[in-house]
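S.K.: This is the structure I have questions about; it appears just below.
What follows draws every value from the coordinates through simple rules; no lab data is involved. As the structure is a prediction and not an experimental result, all values here were calculated from the model.
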Ligand SMILES: *Cc1c(COP(=O)(O)O)cnc(C)c1O
């Protein structure tokens, strides 16, 4: 029996995306592919809210490639980088930055929390000058969300580039690239964008592109924005071009997926995602579950990172799967054995029946594990949350 895939990526696909990804792969210079690529570039600017000056890039690769591209283009050996640490993926950013010779200063908070803005400001002033500030919008290992807006403001004040890992957030959390003055925001196709894995997606602002242009040495060829700029510009002008073969089937899916996200505008999609997350939180609370993020303000809307109740451990996961829903185990070392993660981003957030099935599966598995829970009350909490008018 196929289960619903509710891990923090890959995610369930919409029928439209599945159909678009399933056509025979078009050639990279075919008119259909050129149109899909060009439209995807235009739609990314809307989803990212980057305005016309944002430069989208669509590369074959996973989210980690996008992180690598960020470091490769923006950081030269000896540059100082500040990393706001809210989980496992922030630590990965640090590891990647080290590979590119950056001198990294981390500002970390206890697991489940976000470092205070004042502390970040103080480090920017005292330990700079920094080249760039990196933060994870929603860290998938902790479920913690940072607020990018004040970080962008601090970065602007300090003359530092503001870079955000949106791999578990883009199209699921509010992000106003142009208004906030963010310089780079990247994601991967298999998270809240709602595609199969395989695309690294990013939008670079003018300052980020200028920083690449000002480098002493060019980055590795495949990672270099300047390798990709001519072909992205050509596709946007609906002209054929070649640098390295794009993942053509996935680009077909991207055009459709971004179109679905933008169907009623990006705000409406973010709103749907937020309402689904709030309704699920109400259901988890009804089941007595506690969250790894310490406050609602720092809780991401794209996934739930939940602590096992007393007397329950990871053997809960196969019991949830037996009820038709696949969830993920803990990832962050501090909560690896004590937490589990349930993704509810992208198309899934638009499907009340999927959300209900998830709540029923978790409630049923908890009951089987001996927890005293009321599955019907949890479903009722979910449904009243979903019924809240926009
Ligand atoms: C999933 C994820 C990544 C890594 O993406 P891959 O596609 O697995 O390489 C990076 N950052 C965050 C926040 C993620 O959720």
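S.K.: Given springs between every Cα pair under 10 Å in a Gaussian network model of the chain, which of 242, 185, 100 has the largest fluctuation?
M.R.: Fluctuation is largest for 242.
S.K.: With the Cα gyration tensor of segment 176-232 giving a ≥ b ≥ c as the square roots of its eigenvalues, does the rule (a/c under 1.5 for rounded; else a/b larger than b/c for prolate; else oblate) give rounded, prolate or oblate?
M.R.: Because a/c hits 1.5 or more and a/b fails to exceed b/c, segment 176-232 counts as oblate.
S.K.: Please state the equivalent ellipsoid semi-axes for segment 15-261: what are the square roots of 5 times the Cα gyration tensor eigenvalues, largest first, in whole Å?
M.R.: For segment 15-261, the semi-axes come out at 30, 19, 15 Å.
S.K.: For segment 55-181, give me the percentage of DSSP beta bridges that are antiparallel, rounded to the nearest 5 percent.
M.R.: Within segment 55-181, antiparallel bridges account for around 10 percent of the total.
S.K.: Expressed as a rounded percentage, what relative contact order does segment 61-187 have, with Cα pairs under 8 Å and six or more residues apart?
M.R.: Computed value for segment 61-187: 25 percent relative contact order.
S.K.: Under the classification rounded if a/c is under 1.5, otherwise prolate if a/b is larger than b/c and oblate if not, where does segment 1-91 fall, given a ≥ b ≥ c as square roots of the Cα gyration tensor eigenvalues? Please report the intermediate quantities before stating the final value.
M.R.: Numbers: a/c = 2.20, a/b = 1.32, b/c = 1.66.
Oblate, because a/c is 1.5 or more while a/b does not exceed b/c.
S.K.: Looking at segment 15-261 only, what percent of DSSP beta bridges run antiparallel? Nearest 5 please. Kindly include the intermediate steps, with their values, before the conclusion.
M.R.: Working: 13 of 32 bridges.
Taking every DSSP beta bridge within segment 15-261, about 40 percent pair in antiparallel fashion.
S.K.: Is the shape of segment 121-279 best called rounded, prolate or oblate, per the rule: a/c under 1.5 gives rounded, else a/b larger than b/c gives prolate, else oblate, with a ≥ b ≥ c the square roots of the Cα gyration tensor eigenvalues?
M.R.: It is oblate, given that a/c is not under 1.5 and a/b is not larger than b/c.
S.K.: Would you mind checking the tilt of helix 31-48 against the longest principal axis of the Cα atoms of the chain, expressed as 0 to 90 degrees and rounded to 10?
M.R.: 70 degrees
S.K.: Follow-up question, since we're still on this one. Does anyone have the angle between helix 266-286 and the longest principal axis of the chain? Alpha-carbon axes, 0 to 90°, nearest 10?
M.R.: 30 degrees
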